[in-house]
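Just below is one structure, and these are the notes that go with it.
The values are calculated or read from the model by the stated rules, or taken from the named source; none is laboratory data. Bear in mind that the values here come from a model prediction, so they are computed numbers and not experimental data. Positions of Cβ are backbone-derived with ideal geometry, glycine not excepted, and every protein chain shown enters the neighbour counts. Side chains are part of the model used for accessible areas, which takes the heavy atoms of the whole protein and leaves out ligands, DNA and RNA. Shrake-Rupley method; radii C 1.70, N 1.55, O 1.52, S 1.80 Å.
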Amino acid sequence: MPEGDTGNGAITISDSAAKRISELIADKGDETMMLRIAVSGGGCSGFQYGFDLDGSINDDDRTFEKDGIKVVVDETSLEFLNGSELNFVEELIGSYFAMSNPNASSTCGCGSSFSV
């Protein structure tokens, strides 16, 4: 999928997120690793984002690439994430992955959960 394509079932990956994912994969020493984004029920707003390194692609996964790194999202989670951008934020209080999600009607204060 072309970079920046936010058509049906697409997410974009910021430069800072691609760089951080690349660093995490290098630290693991396993170039087959990808960042998996999943949406699950819970959190203070109803749904929460999950980020984890994963070495496998499931049948219902969609893969997004930028600068040689891959991000995988299952089709169910992608319904909630369509048009979103994955970013890596560095602040005084810490650094973390964050989603800029146009489908969220509200988010919690820490940005790790949302409602639709």
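Scanning region 14-38 for residues that are out of contact with any helix residue (DSSP H, G or I) (no Cβ under 9 Å at 6 or more places or on another chain) and acidic (Asp, Glu) returns Asp15, Glu23, Asp27, Asp30.
Only residues that are under 20 Å from Met33 (Cα atoms), out of contact with any Phe, Trp or Tyr (no Cβ under 6 Å at 6 or more places or on another chain) and aliphatic (A, V, I, L, M) were counted across region 47-103, and they come to 8.
Could you check, for region 2-17, whether at least one of its residues is among the β-branched types (Val, Ile, Thr), in a strand (DSSP E or B), modelled with pLDDT under 95 and surrounded by 11 or more Cβ atoms within 10 Å (Cβ to Cβ)? Checking region 2-17: not a single residue is among the β-branched types (Val, Ile, Thr), in a strand (DSSP E or B), modelled with pLDDT under 95 and surrounded by 11 or more Cβ atoms within 10 Å (Cβ to Cβ). The set of residues in region 48-79 being open to solvent by less than 60 Å² (accessible area, probe 1.4 Å), within 14 Å of Met99 (Cα to Cα) and touching a residue at least 40 places away in the same chain (Cβ under 8 Å) consists of Tyr49, Val71, Val73, Ser77, Leu78.
Is it fair to say Ile37 is open to solvent by less than 30 Å² (accessible area, probe 1.4 Å), among the hydrophobic types (A, V, I, L, M, F, W, C), at pLDDT 95 or above and in a strand (DSSP E or B)? It is true that Ile37 is open to solvent by less than 30 Å² (accessible area, probe 1.4 Å), among the hydrophobic types (A, V, I, L, M, F, W, C), at pLDDT 95 or above and in a strand (DSSP E or B).
Rundown of residues vs (1) under 20 Å from Ser14 (Cβ atoms); (2) assigned to a strand (DSSP E or B); (3) touching an Asp or Glu at 6+ places or on another chain (Cβ under 9 Å); (4) acidic (Asp, Glu), yes/no style:
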position: Ile25; (1), (2), (3), (4): yes, no, yes, no
position: Leu53; (1), (2), (3), (4): yes, yes, yes, no
position: Asp59; (1), (2), (3), (4): no, no, no, yes
position: Thr63; (1), (2), (3), (4): yes, yes, no, no
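Scanning region 98-106 finds no residues that are at negative phi, modelled with pLDDT of 95 or more and crowded, with 16+ Cβ neighbours inside 10 Å.
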